[in-house]
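Peer 1: Submitted below is the structure of interest, expressed as structure tokens.
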Amino acid sequence: MRAPGKPAFLLIVLALLVLALPACRRTPGEAQVRAAIASIAQAAEAGSAGDVAAPLSEDFDGNAGQLDRRGLTGMVRLLALRGEHVGVTMGPVSIEPRGERMVASFTVTLTSGGKLLPDQLGIYQVESAWRKEDGEWRCYTASWKHSL
């Protein structure tokens, strides 16, 4: 097999650069926030309260005082202790940089095979705000409303 000539090699490199451009569109901070949101969803499904709390700031505020970090982890622990499984299906996440902070918006669908929280299952529209703390992006506030 013959090695590609110089024009073919340049064409391959150019094609790879063009394919890589969409990946460069996102900043490392956006990628970290997306990864943190995905980790929270996975931890919630697994019933891991500590992992749900890890990307949250100590002063996390949910729905204007309805749920703080401790309350959220307590709810996840209670569900796990009762053997309840909560399914979490994420919709697309859109992230908007706002100065040194970021706002992430997405839909999430909560499902369950159990009976503990039937009123709270369904589709939610979520908006979360993130700031950098000690080099890590942390969610410091979130609001959500039941869509259906």
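Peer 1: Which net charge results when you count Lys and Arg as +1 and Asp and Glu as -1 among the other residues whose beta-carbon is under 9 Å from that of Ala142?
Peer 2: -2
Peer 1: Return the distance in nm (one decimal) between the two label points of a simple spin-label model at Val88 and Thr27, each offset 7 Å from Cα along Cα→Cβ.
Peer 2: Distance between the two pseudo-spin positions: 2.5 nm.
Peer 1: Distance in nm between label sites at Asp59 and Arg98, each 7 Å beyond Cα in the beta-carbon direction?
Peer 2: Placing both labels 7 Å beyond Cα along the Cβ direction yields 1.6 nm.
Peer 1: Report the GluC sites (Glu not before Pro) located in region 46-148 that are in a DSSP loop and have at most 13 other Cβ atoms inside 10 Å of their Cβ, or state none. Walk me through the intermediate numbers first.
Peer 2: Details: sites: Glu58, Glu84, Glu100, Glu127, Glu133, Glu136; in loops: Glu84, Glu100.
Answer by residue number: Glu100.
Read the figures in this text as sums done on the coordinates, not as results from a lab. Predicted model, so just to flag it, every value in this text is computed and none were measured. No Cβ is skipped: glycine too gets one built from the backbone with ideal geometry, and neighbour counts run over all protein chains shown.
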